[in-house]
Amino acid sequence: MRIGIDLGGTKIEGIVLDENGNEQARRRIAAPQGHYQQTVETIAGLVTALEHEADAAGASIGVGIPGAVSPASGKIKNANSTWIIGHPLDKDLEARLGRPVRIANDANCFAVSEAIDGAAAGAATVFGVILGTGVGGGVVIDGKVRTGLNAIAGEWGHNPLPWPNDFEHPGADCYCGKKGCIETFLSGPGMARDHAAQGGGTLTAEEITSAAAKGDTAAQDTLARYQDRLARALATMINILDPDVIVLGGGLSNIGGLYETVPRLWQDWVFSDRADTPLHKNKHGDSSGVRGAAWLWDH
């Protein structure tokens, strides 16, 4: 049995999978925002409850977080749930639960979930992409997450948008301290900002997508710019990693036109006579993160 925990900003979700990946139990509870020790206790309590429900005592435990464990300090860094930054979350959970705990970035968990039994099942090299409030990514090779020496493998969102035009340069400020990061263009807030800057009004990414489907010209133009930027950004990942499959997750992965248009557009930017890389929508949706956390242990 495997237990996966997905630590989010507002909720903590847990799941139990059997050896074949079948769900045996699932629970979702509120996250104790702003309180580190309460977070540790809440996760431990959730694990105990899942073990009882699924008769899974001694199950392996994997935890997905919106951040990473720093190889330098052993403490959490780059986390949206800021109250866990600077703490050795894996060690504290291990001490509390009395067994090893594996922690990975939530985008890595998404990628491994889709690589094991999702939209990229059976593929040797998978690049999993999160397009939501932020832009993240994870690399899975032969079913295993590649974290990297600095624990930043797959963090394509904090590279500059490639081949920018005059309108796109230097780009908006990013929370990381740079300008023009891919995340500032391809996140949901980035799309909304672009739409407003072009005179389309104040709409969310979901509202823009809906308006485009109803024939709103300004919204359609915004989506066209978004697709072009996504194609350029993913082309650089194909040039570097050449994955067998790219899988999209996050709220913006629900934009249906991406899966036909973006691969057609990236042909102009991929360093090859032809780019055959498949672009797939995720299979497990919001469950990919918690399922991937469970799959962090060897299978």
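Here, each number is a calculation from the coordinates, and none is a lab measurement. Predicted, not measured: the structure shown is a model, and the values here were computed from it. Here the Cβ positions follow ideal geometry from the backbone for every residue, glycine too, while neighbour counts run over all protein chains shown.
Sort 166-174, 9-17, 242-250 by packing, meaning the average of other beta carbons within 10 Å per residue, with the highest value first.
So the order, starting with the most tightly packed, is 242-250, 9-17, 166-174.
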Starting from the amide H of residue 103, placed 1.01 Å from N in the peptide plane, find each other amide H under 5 Å away whose residue is 5 or more places distant or on another chain. 63
Apply the Karplus curve 6.51 cos²θ - 1.76 cosθ + 1.60, θ = phi - 60°, to the phi angles in the range 194-207 and return the couplings in whole Hz, x for Gly and Pro. 4, 4, 5, 5, 9, x, x, x, 8, 9, 7, 4, 5, 5
Per the 1/(1 + (r/R0)^6) rule, R0 = 35 Å and r from the Cβ atoms of residue 55 and residue 178, FRET efficiency to 0.05 is 0.10
Specify the inter-centroid distance of the range 9-25 and the range 214-266, based on alpha-carbon positions, in whole Å. 30 Å
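Applying a 10 Å radius around every beta-carbon, put 266-276, 215-225 in order of their mean neighbour count, most first.
Descending packing order for the listed peptides: 215-225, 266-276.
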When the Karplus curve 6.51 cos²θ - 1.76 cosθ + 1.60 is applied with θ = phi - 60°, which whole-Hz ³J(HN,Hα) does each residue of the range 122-138 get, with x for Gly and Pro? x, 6, 6, 10, 10, 10, x, 10, 9, 10, x, 4, x, 10, x, x, x
Pairs to check: 144/281; 11/144; 214/283; 77/178. Give those whose C-alpha atoms are more than 22 Å from each other in this structure. 11/144; 214/283
Most fluctuating of 143, 177, 132 in the GNM of the chain (C-alpha, under 10 Å) is 177
Once residue 28 and residue 242 are pulled to full extension, the length gained, defined as 0.36 nm per residue separation minus their Cα-Cα distance, is 73.4 nm
Sequence ranges 115-126, 226-237, ranked by mean other-Cβ count within 10 angstrom, highest first: 226-237, 115-126
Can you tell me the FRET efficiency between residue 204 and residue 165 if r is taken as the Cβ-Cβ distance and R0 is 30 Å, rounded to the nearest 0.05? 0.75
Could you give the nm distance between label points at residue 142 and residue 225, where each point is 7 Å from its Cα heading toward the beta carbon? 4.5 nm
Name the residues whose placed amide hydrogens come within less than 5 Å of the amide hydrogen of residue 24, ignoring near sequence neighbours (fewer than 5 apart) on the same chain. 16, 17, 18
Diffing the range 265-272: the Karplus 3J(HN,Hα) column from phi (6.51, -1.76, 1.60, θ = phi - 60°), in whole Hz with x for Gly and Pro, holds 6, 6, 4, 6, 10, 6, 7, 7
Counting Lys and Arg as +1 and Asp and Glu as -1, each charge on the Cβ, what is the dipole of the range 122-282 about the Cα centre in debye, to the nearest 20? 240 debye
Cβ-Cβ FRET estimate between residue 217 and residue 10, R0 fixed at 30 Å, reported to 0.05: 0.25
